[in-house]
Amino acid sequence: MSSGAEIKTKIEEQGNKVRTLKESKAAKGDIDAAVKSLLELKAQYKEATGEDYAPPGGNQRSSGGGKKDSKKENKPPAAAAPPKDSGDASGKKQTKLGIDCKKSENLSDWFSQVCKISQSFSGLY
């Protein structure tokens, strides 16, 4: 059984090999075989040390695919909109007929509202 340091070195070498294969657009079979070997080395490392392998940069991705998660992580938390007081004491529910945010301030909300409004108008013609 190899020590954790030896396996870690092998993992780093195999990771570089996988990266090189992907950058050179190698055949899918070659890449898959290299990735399989890398995963086997990581399993050996976990068996030897009792811990998951963490890359030197700390950029370990989750198995669910890091791209979607990274977009969610970078998104700032949405600020809660203050309740709008319409001044209507009758208690009737008001419908939202216009766009209540500026494009320059919150593009995502603005675009969502434009899409909803355009969908409601598409049925009229």
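Here, each number is a calculation from the coordinates, and none is a lab measurement. Since we're looking at a predicted model, the values are computed, not measured. Cβ sites come from the backbone with ideal geometry, for glycine too, and all protein chains shown count toward neighbours.
Taking only pairs that are 8 or more places apart or on different chains, how many Lys pairs in region 4-55 have Cα atoms under 24 angstrom apart?
Taking region 4-55 as the scope, the lysine pair count is 23.
Of all the C-alpha pairs in region 4-55, what % are more than 16 Å from each other?
Working: 501 of 1326 pairs.
That fraction is 38 percent.
Please compute the modelled spin-label separation between Asp109 and Asp32, points set 7 Å along Cα→Cβ, answer in nm with one decimal.
According to this spin-label approximation, the distance is 4.7 nm.
What is the gain in length, in nm to one decimal, between Glu6 and Leu39 on full extension, counting 0.36 nm per residue of separation less the C-alpha to C-alpha distance?
Taking 0.36 nm per residue and subtracting the Cα distance, the gain is 10.3 nm.
With +1 assigned to the C-beta of every Lys and Arg and -1 to the C-beta of every Asp and Glu, and no other charges, what is the dipole magnitude of region 4-55 about the Cα centre in debye, to the nearest 20?
Working: 10 positive and 10 negative charges, 51 e Å.
Around 240 debye, computed over region 4-55.
Below 14 angstrom from the Cβ of Glu47, what's the summed charge of the other residues (Lys, Arg +1; Asp, Glu -1)? Provide the component values of the computation, followed by the final result.
Values: positive: Lys8, Lys10, Lys42, Lys46; negative: Glu6, Glu40, Glu51, Asp52.
Around Glu47, the charge tally is 0.
Quick one: net charge of Ala34's neighbours, Cβ under 10 Å, K/R +1, D/E -1?
Numbers: positive: Lys17, Arg19, Lys22, Lys36; negative: Asp30, Asp32.
So the environment of Ala34 carries a net charge of +2.
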